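Engineer: This structure is in structure tokens; I'll ask about it shortly.
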Amino acid sequence: QAARDATHEVDASASAGVDVGSDASKMNLRAVAYRTDARPLVVGCTCEACSRPYTRAYIHHLLNVHELLGEMLLEVHNAHHYSLFFEEMRRTVDDNSFDDFANA
């Protein structure tokens, strides 16, 4: 059950200004608090899941009725997040500034 719950968490650190991977940067979209939340997963994110009219409330609904689209939208968002992370990592390697990146 714990592994399944982890798939319903989205890293919200991009807009929240908190450390990536900390508990404060995650949201459990199955929680009742998201039932009427009309915001995108992460405000300002450019992934297909966030830039389309998919709200937290809609994804909350999809997850709670076990609709596959909910899981797919979270995968799209998380893949986009990791892609940007590794793109930045590659840039710092090319710029010889990886130590600064790793220690930030």
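The values are calculated or read from the model by the stated rules, or taken from the named source; none is laboratory data. Remember, it's a predicted structure, so these values are computed and weren't measured experimentally. Here the Cβ is made from the backbone with ideal geometry for all residues, glycine too, and neighbour counts use every protein chain on show.
Engineer: Exactly one condition in (1) part of a helix (DSSP H, G or I); (2) modelled with pLDDT under 90 is false for Leu74; which is it?
Structural biologist: (2)
Matching residues to (1) at pLDDT below 95; (2) surrounded by fewer than 17 Cβ atoms within 10 Å (Cβ to Cβ); (3) closer than 22 Å to Ser83 by Cβ:
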residue	(1), (2), (3)
Thr46	yes, yes, yes
His60	no, no, no
Asn64	no, yes, no
Glu67	no, yes, no
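To keep it simple, each residue is scored yes or no on (1) under 15 Å from Cys45 (Cβ atoms); (2) touching a helix residue (DSSP H, G or I) at 6+ places or on another chain (Cβ under 6 Å); (3) β-branched (Val, Ile, Thr).
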site: Ile59; (1), (2), (3): yes, yes, yes
site: Val65; (1), (2), (3): no, no, yes
site: Phe86; (1), (2), (3): no, no, no
site: Met89; (1), (2), (3): no, no, no
site: Thr92; (1), (2), (3): no, yes, yes
site: Asp95; (1), (2), (3): no, no, no
site: Asp100; (1), (2), (3): no, no, no
